[in-house]
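The values are calculated or read from the model by the stated rules, or taken from the named source; none is laboratory data. The structure presented is a predicted model; accordingly, all values stated were derived computationally and were not measured. Cβ atoms come from the backbone with ideal geometry, glycine included; neighbour counts cover every protein chain shown. Side chains are part of the model used for accessible areas, which takes the heavy atoms of the whole protein and leaves out ligands, DNA and RNA. Shrake-Rupley method; radii C 1.70, N 1.55, O 1.52, S 1.80 Å.
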Amino acid sequence: MDAKAPESQDDAAKAGGRKGLVLIFTGAGKGKTTAALGSGFRAAGNGMRVLMLQFIKGSWHYGELDAAAALGDHFVIRQMGRGFIKVGGAATDPVDLQLIREAWAEAKRAMSSGEWDMVILDEILYAISYGLLDAPEVAQALAERPPLLHVILTGRNAHPVLVELADTVTEMGERKHAYQRGIQAQLGIEY
Ligand code: ATP
Ligand code: MG
């Protein structure tokens, strides 16, 4: 990996060179995880290696798991959670806390390994906003990552420290959601 200082990396990128970016997909509307999947799909199609670590998802079956598996080791998705999370001060389940810590340890390993061109930390922003993970610690790991590595973070309530550090931040605004009319999760749309 290129070990240029971030500033010269910025200058190189302004002249059309490569630079790893931090992207955030946040907000109350639908589309955060699917935007990250779309980015991963685009990168994998360019021969890049993509890892998505899902901080909360666990037991459910999502179509994207099979779609990514069809791309072989270019697009790997690992579910690190158990599908839901119990939070609220002292009520936080220690199992969830442990799973989040393991997911974060895995994320740090993956980001520094040099094995991946893009690492997607799906729903990590929920873990941070629930107080299960420290935003400054995440910011530090992002700042120290290899200079060409792209990292995408998803989830509601993006922490200001991470918004400040990110290169591109997109907020999905909710105008309507089928769920509001009582429509249940649909195959191909939600899973
Ligand atoms: P998606 O995975 O579809 O891109 P997302 O990542 O933006 O959605 P999450 O907050 O991770 O949204 O929630 C995942 C699930 O919750 C999805 O099934 C999604 O359709 C549903 N969902 C997302 N936004 C809303 C909303 N505003 N109201 C109700 N359900 C929602
Ligand atoms: Mg999501």
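Considering only Leu53, Leu125, Leu165, the mean-square fluctuation computed in a Gaussian network model of the chain, springs between alpha carbons under 10 angstrom, is largest for Leu165. For the pair Asp134 and Ala15, the difference between a 0.36 nm per residue extended length and the Cα-Cα distance amounts to 39.3 nm.
Springs join every pair of Cα atoms under 10 Å in this Gaussian network model of the chain, and among Gly31, Gly45, Gly20 the largest mean-square fluctuation is at Gly45. Extension gain, Arg109 to Leu71, is 11.4 nm, computed as 0.36 nm per intervening residue step minus the present C-alpha separation. Of the GluC sites (Glu not before Pro) found in the range 71-141, those in coil by DSSP whose Cβ has at most 14 other Cβ atoms within 10 Å are Glu115. Ratio of Rg to Rh for the chain: 0.96 [Cα atoms; Kirkwood radius as inverse mean 1/r over pairs].
Note on the chain: lysine pairs with Cα distance below 17 Å, sequence gap of 8 or more or different chains, count 7. Label sites at Trp60 and Gln180, each approximated as a point 7 angstrom past Cα along Cα to Cβ, lie 2.0 nm apart. Among the helices of the chain, none built from whole DSSP H runs has Cα atoms reaching 27 Å or more along its own axis together with a mean Kyte-Doolittle hydropathy of at least 1.6.
Over the chain, accessible surface divided per residue gives 54 Å², non-protein components excluded, 1.4 Å probe. By accessible area, using a 1.4 Å probe on protein heavy atoms only, the chain has 53% of its surface on carbon and sulfur.
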